[in-house]
Amino acid sequence: MGHWRQSRAKRFQARLFSTLGYVAVAGLGVTLRWTADGVEHYDAVLRSGRQPVLAFWHGRIFAATYFFQRRGIVVITSENFDGEWIAGIIRRFGYGTARGSTSRGARRALLQLRREMASGKAAAFTVDGPRGPARVAQPGAVWLAKATGNPVVPFHLEADRAWTMKSWDRTQVPKPFARVAVAIGEPFEVPADADETAIESARSGLDARLRALETRATELLRQPDAEGHE
């Protein structure tokens with residue numbers, strides 16, 4: 001953990017950023033119009049008595065946080081200062097957090113997610129995070145699906161009007177009153193005995209599924225407006 005935790009000023013700053021960030025996301029999110037496709041895939045996993053391992057690109061974290069709120073989903077956030085205030089924001093939206101960044105921290109966070117899923121909670125991954133390369137899935141979601149027996153459920157979100165940040169992941173922030181399309185893909189399994197070759201095949205397959213879902217979300221935005229958010 002970073003030395004920033006030893007600073008009372010930094011801890012106060014993290015709490016302040018969390019509060020302001022939550023107000024900003026909630027205030028903007030309430031203006032958005034939603035069109036969703038594939039929600040039945042998410043619901044089918046829950047009806048089966050299992051939980052989804054949700055997988056999406058880091059650049060769509062803003063809209064995803066708002067859309068999937070209040071479902072008890074657990075996500076990994078880094079152990080540094082930025083991770084602290086980001087964790088504060090998402091907890092206010094009803095998410096759980098597993099803290100970890102790279103190497104040992106990431107492994108610890110994955111083990112915590114495994115325990116959380118065993119207790120009946122869903123998990124979510126920004127599969128190209130935390131630092132990229134952008135739109136190249138890392139194997140964490142696939143590993144967790146193998147370890148828990150829960151299926152991976154990929155999804156993508158696209159806004160018709162948005163700001164695009166000059167960050168590594170080209171984060172998309174929908175503009176007020178934008179329409180956001182959510183495309184959720186079919187669940188897929190990762191066998192418990194999957195070897196390195198099978199894991200890599202599943203990882204590359206996840207890349208392809210996410211690209212197809214981006215195309216689907218873009219198509220949804222061309223269709224007549226319809227409310228789809230539960």
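The table that follows gives values for the structure above.
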quantity	calculated
Matching entry among 36, 98, 44, 106 (being over 22 Å from residue 138 (Cα atoms), in contact with a helix residue (DSSP H, G or I) (Cβ under 9 Å, 6 or more places away or on another chain) and not charged (D, E, K, R))	36
Which listed residue is under 22 Å from residue 107 (Cβ atoms) and among the small types (Gly, Ala, Ser), from 208, 137, 217	137
Residue satisfying all of: in the stretch 170-226; part of a loop (DSSP other than H, G, I, E, B) and in contact with a Phe, Trp or Tyr (Cβ under 7 Å, 6 or more places away or on another chain); nearest to residue 36 (Cα to Cα) among these	185
Failed item in (1) outside any helix (DSSP H, G or I); (2) modelled with pLDDT of 95 or more, with residue 147 passing the rest	(1)
For residue 13: the one exception among (1) part of a helix (DSSP H, G or I); (2) within 20 Å of residue 122 (Cα to Cα)	(2)
Residue ID - nearest to residue 136 (Cα to Cα), chosen from residues in the stretch 185-203 that are surrounded by 13 or more Cβ atoms within 10 Å (Cβ to Cβ) and free of Cβ contacts under 8 Å to residues at least 60 places away in the same chain	201
Breaking point among (1) of a type outside the set (Gly, Ala, Ser); (2) free of Cβ contacts under 8 Å to residues at least 24 places away in the same chain; (3) under 22 Å from residue 13 (Cβ atoms), for residue 115	(3)
Selection count where residues are out of contact with any Gly (no Cβ under 7 Å at 6 or more places or on another chain), within 21 Å of residue 157 (Cα to Cα) and surrounded by fewer than 23 Cβ atoms within 10 Å (Cβ to Cβ), scope the stretch 74-86	1
Search result, residues across the stretch 24-67 that are crowded, with 21+ Cβ neighbours inside 10 Å, within 13 Å of residue 121 (Cβ to Cβ) and over 9 Å from the mean Cα position of the chain (by Cα)	51, 52, 53
Residue tally, condition of a type in the set (Val, Ile, Thr) and free of Cβ contacts under 8 Å to residues at least 40 places away in the same chain, over the stretch 151-184	1
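The values are calculated or read from the model by the stated rules, or taken from the named source; none is laboratory data. Treat the numbers as computed from the prediction; the structure is a model and nothing was measured. Note that we place each Cβ from the backbone using ideal geometry, even for glycine, and neighbour counts take in every protein chain shown.
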